[in-house]
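Only the coordinates and a few stated rules stand behind these numbers; no lab work does. As the structure is a prediction and not an experimental result, all values here were calculated from the model. Reconstructed Cβ throughout: ideal geometry from the backbone, glycine too, with neighbour counts over all protein chains shown.
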Amino acid sequence: MPEKRTLFEKVWDEHVVCVPERNPSLLYTDLHLVHEVTSPQAFDGLRMAGRGVRRADRTVATVDHNIPTEPRGTPILDPIAAKQIEALQKNCKEFGVPLFDMDSPDQGIVHVIGPELGVTQPGKTIVCGDSHTSTHGAFGALAFGIGTSEVEHVLATQCLPQRKPKTMLIQVNGPLPKGVTAKDIALGIIGKIGTDGATGHVIEYAGEAVRGLSMEGRMTLCNMSIESGARAGMVAPDETTFAYVKGRRFAPKGAAWEKAVAHWRTLPSDPGAKYDKVIEIDAATLAPFVTWGTNPGMVVPVNGRVPELAELKTDADRAGAQRMLEYMGLNAGTPIEQIPVDRVFIGSCTNSRLEDLREAARVAKGHHVNAKVRAMVVPGSQSIKHAAEQEGLHKIFQQAGFEWRESGCSMCLGMNPDILQPGERCASTSNRNFEGRQGRGGRTHLVSPMMAAAAAIAGHFTDIRTWQFN
Amino acid sequence: MNPFRVHKGRVAPLYRANVDTDQIIPKQFLKRIEKTGFGEFVFFDWRRRPDGSLDPEFTLNQPRYKGASILVTDKNFGCGSSREHAVWALADFGFRVVIAPTFADIFANNCVQNGVLTVALNEAETAEIAHRAQAIPDYELTVDLEQKKVSDSQVFTANFSIDDSIRHRLLNGLDDIGLTMQYEKEIAAYEAAHPAIGN
């Protein structure tokens with residue numbers, strides 16, 4: 001063990017159960033989050049092998065991916081979706097796994113409710129059958145997405161055989177410029193290193209701009225680690241982290257809290273610890289970004305233009321770009337601010353937290369959604385929805401012409417009825433702009449919540465740095 | 001899981017970079033609660049026109065690639081969502097090997113779990129295979145996991161490296177969970193020494 005260790009190495013070392021001969025380390029999982037889409041086959045596997053869930057007390061389930069965002073109680077019209085939700089209910093009951101169901105006041109996107117409930121904590125290992133599990137790394141946890149076979153593995157053993165990933169430090173120096181958010185840091189990084197720039201690595205985000213982020217912002221940043229191919233993203237825990245966790249339902253209390261915080265304070269990387277790769281970014285070079293293509297690395301500043309093919313970095317980028325332009329219905333050289341939008345989606349595990357909704361509402365206040373645009377706001381959880389309503393945010397959105405809906409993954413991946421029609425163009429606060437992601441033929445542009453709200457009102461992308469706030 | 005030792009089969013080229021799992025299996029097919037039957041939905045939006053008919057232009061719809069069991073593609077294959085349905089769809093369609101310069105981590109893990117071999121070759125070798133699969137009718141490759149070698153019946157041959165434990169598991173078709181369960185004593189000892197703090 002090296003003398004000076006990184007945050008990742010400390011969390012990793014603490015969770016190695018054993019290193020079997022000729023096999024990868026057996027890594028212990030502190031928390032397993034489960035949802036309806038990637039779990040039914042895993043529970044079936046347990047049944048077929050006559051195995052149980054080893055630690056139901058370290059497992060938390062909810063429904064989020066395919067539930068409608070219509071008012072709760074509306075029947076689920078899609079029989080296959082309904083069957084999948086029923087399967088989770090049945091499986092949780094049979095195996096004793098706690099479930100925050102459709103009608104629970106704690107239901108929400110799995111990566112939103114973990115932190116809200118306080119089950120997400122610094123130093124933990126957290127897995128879920130969902131690539132955006134990287135979100136929880138914002139707390140200084142080691143959190144990564146797994147496939148369904150691995151879900152079954154963790155249910156049965158609470159462990160996973162894991163080859164140790166490499167480490168990457170991304171240092172964002174200086175304070176964030178005005179109008180630039182955590183989402184823009186994430187998009188800026190992916191634009192710089194590409195969608196496979198961090199494959200095989202765990203990223204640690206550091207530097208003044210990251211330190212200055214709220215927990216919500218850090219979650220947005222870590223959430224999109226997977227879009228650069230990273231195994232996980234992490235931010236060292238600090239006072240901001242402890243203040244967020246303290247008092248939450250499943251957070252340690254009393255003496256256990258003091259003991260936990262004392263431990264968490266030992267987790268940040270030791271000065272001089274070595275990383276396999278280091279990337280430095282000057283925050284002053286970041287801007288409100290908009291994606292123009294069909295992967296999250298195709299990023300330009302809002303005051304820029306759809307790039308000419310010759311401007312792209314690699315042959316693969318150029319080969320793909322022509323196809324992307326055709327799919328996106330865009331011409332090279334078009335100013336981003338001249339691109340009109342049909343739909344706006346504010347939500348997803350990337351940007352559906354209270355702070356995101358507050359920022360979007362601040363933009364929307366006193367304005368009205370463009371007559372040609374349909375815009376929806378989908379809070380990440382029931383608890384966020386409730387808190388937002390206490391603050392009157394729903395009124396601001398509704399008065400401005402936004403739809404105010406129930407919590408879930410919604411149009412981020414369009415498994416529920418919230419989808420784009422072919423050819424529709426959407427400004428979306430979600431994380432993926434892949435072909436057909438939000439509906440076959442749909443055209444997705446990734447932006448921050450403020451930029452999405454502004455696009456809804458203007459009817460086209462517009463620079464939030466020149467916005468008229470009311 | 002069936003052991004994987006040597007596989008010989010027809011090669012289909014899908015030479016695009018960054019093919020994401022949303023393309024391999026679109027979300028509308030993730031609601032099924034079974035592991036089987038995903039093959040007909042593989043690359044659905046690329047294979048089928050909006051009216052549902054097969055697009056004859058798309059590689060996998062061309063008669064010459066019918067029955068292909070080896071897919072050759074460009075870098076970062078399988079990026080995006082963790083959905084194992086992508087591997088179930090590829091395997092159910094008949095693919096046992098995917099060759100590319102690089103793979104996304106979660107996708108590659110999911111392949112191992114289903115006995116699908118991911119072979120990482122360099123960009124020149126991958127491009128060469130894709131070219132040959134387009135130029136030579138009924139082009140076949142032999143993928144030998146024991147020798148860690150890919151070759152055709154003519155002059156092409158390439159060696160690949162693979163994690164030893166993954167190779168061992170694939171060669172023997174081992175049940176991953178069963179392997180971990182052999183360490184029950186160690187897991188129980190770990191749990192006893194690491195009670196959760198506060199909950």
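For a quick check: sort A:Glu216, A:Glu311 by the number of other beta carbons within 10 angstrom, fewest at the front.
Values: A:Glu216 23, A:Glu311 14.
In order of increasing Cβ crowding within 10 Å: A:Glu311, A:Glu216.
Dividing the convex hull volume of the Cα atoms of region A:370-470 by its residue count, what figure in Å³ per residue is obtained?
Values: hull volume 10.3 nm³, N = 101.
Looking at region A:370-470, the number lands at 102 Å³ per residue.
Around A:Arg343, what is the net charge, scoring Lys/Arg as +1 and Asp/Glu as -1 over all other residues with Cβ under 11 Å from its Cβ?
Details: positive: A:Lys372, A:Arg374, A:Arg425, A:Arg443; negative: A:Asp342, A:Glu403, A:Asp418, A:Glu424.
Combined, the nearby Lys, Arg, Asp and Glu give 0.
Kirkwood Rh over alpha-carbon pairs of region A:324-380, then Stokes-Einstein at 37 °C and 0.692 mPa s: what D in µm² s⁻¹, rounded to an integer?
Numbers: Rh = 13.4 Å.
Translational D for this selection: 245 µm²/s.
What share of Cα pairs, in percent, lie more than 13 angstrom apart in region B:1-42?
Numbers: 604 of 861 pairs.
That fraction is 70 percent.
What base-10 log of the normalised intensity I(q)/I(0) is obtained for the protein assembly as shown from the Debye formula, alpha carbons as equal point scatterers, at q = 0.05, 0.10 Å⁻¹?
-0.21, -0.90
Could you please report the charge total around A:Asp130, scoring K, R as +1 and D, E as -1 over all other residues with beta-carbon less than 10 angstrom from its beta-carbon? Walk me through the numbers on the way to the answer.
Working: positive: B:Arg83; negative: A:Asp64.
Charge balance in the 10 Å sphere: 0.
What's the FRET efficiency of A:Lys277 with A:Lys365 using the Cβ-Cβ distance as r and R₀ = 56 Å, to the nearest 0.05? Let's see the in-between values first.
Working: r = 43 Å, r/R0 = 0.76.
Efficiency for this residue pair is about 0.85.
Quantify how strongly other chains surround peptide A:122-133 by giving the mean number of their Cβ atoms within 10 Å of each of its Cβ atoms. Please list the in-between numbers first.
Details: counts 0, 1, 2, 0, 0, 0, 1, 4, 4, 10, 2, 2.
For peptide A:122-133, the averaged partner shielding equals 2.
Select from region A:16-51 those trypsin sites (Lys or Arg not before Pro) which occupy a DSSP coil region and have at most 13 other Cβ atoms within 10 Å, ordered by residue number.
Working: sites: A:Arg22, A:Arg47, A:Arg51; in loops: A:Arg22, A:Arg51.
Qualifying residues, ordered by number: A:Arg22.
From the phi of every residue in region A:115-131, what ³J(HN,Hα) in whole Hz does the Karplus formula 6.51 cos²θ - 1.76 cosθ + 1.60 yield, where θ is phi - 60° and glycine or proline is x?
x, 4, 7, x, 7, 7, 9, x, x, 7, 9, 10, 10, 6, x, 6, 5
If R₀ is 41 angstrom, what is the calculated FRET efficiency for the pair A:Leu309 and B:Glu40, using the beta carbon separation as r and rounding to 0.05?
On the way: r = 36 Å, r/R0 = 0.87.
Once the sixth-power term is evaluated, E becomes 0.70.
I'm checking a number: the convex hull volume of the Cα atoms of chain B, normalised per residue, in Å³. What is it? Spell out each step's value before the answer.
Details: hull volume 29.7 nm³, N = 199.
Taking only Cα atoms, chain B has a hull volume of 149 Å³ per residue.
Within a 10 angstrom radius of each residue's Cβ in A:16-25, how many Cβ atoms of other chains show up on average? Whole number is fine.
Values: counts 1, 9, 6, 1, 6, 1, 3, 10, 4, 0.
Taking the mean over all residues of the peptide, I get 4.
Hey, fewest Cβ within 10 Å first, where do A:Met224, A:Met219, A:Met102 land in order? Walk me through the intermediate numbers first.
Details: A:Met224 29, A:Met219 34, A:Met102 19.
Least crowded to most crowded, the residues run A:Met102, A:Met224, A:Met219.
Taking a 29 Å limit on the Cα-Cα distance, which of the listed pairs A:Lys164/B:Lys185; B:Lys75/B:Lys148; A:Lys90/A:Lys253; A:Lys93/B:Lys27 fall beyond it? Write out the running numbers ahead of the final one.
On the way: A:Lys164/B:Lys185 23 Å; B:Lys75/B:Lys148 20 Å; A:Lys90/A:Lys253 33 Å; A:Lys93/B:Lys27 26 Å.
Cα-Cα > 29 Å for A:Lys90/A:Lys253; rest within.
Kindly give the semi-axes, whole Å and largest first, of the ellipsoid equivalent to region A:81-207, taking each as the square root of 5 times a Cα gyration tensor eigenvalue.
Numbers: eigenvalues 193, 72, 37 Å².
Semi-axes from the Cα gyration tensor: 31, 19, 14 Å.
Restricting to Cα atoms and excluding each atom paired with itself, what does the Kirkwood estimate give for region A:89-160 in Å? Intermediate results must be reported in sequence, preceding the final value.
On the way: mean 1/r = 0.0768 Å⁻¹.
Every distinct Cα pair counted, the radius reaches 13.0 Å.
What's the center-to-center distance, using Cα atoms, between region A:433-462 and region A:340-355 in Å?
8
Starting with the fewest neighbours, write out B:Phe95, A:Phe402 ranked by other beta-carbon atoms found within 10 Å of each beta-carbon.
Values: B:Phe95 22, A:Phe402 25.
Fewest to most other Cβ atoms nearby, the residues stand as B:Phe95, A:Phe402.
Need one number: % antiparallel among DSSP beta bridges in chain B, to the nearest 5. Don't skip to the answer; put the middle values down first.
Numbers: 12 of 25 bridges.
Antiparallel: roughly 50 percent of the beta bridges in chain B.
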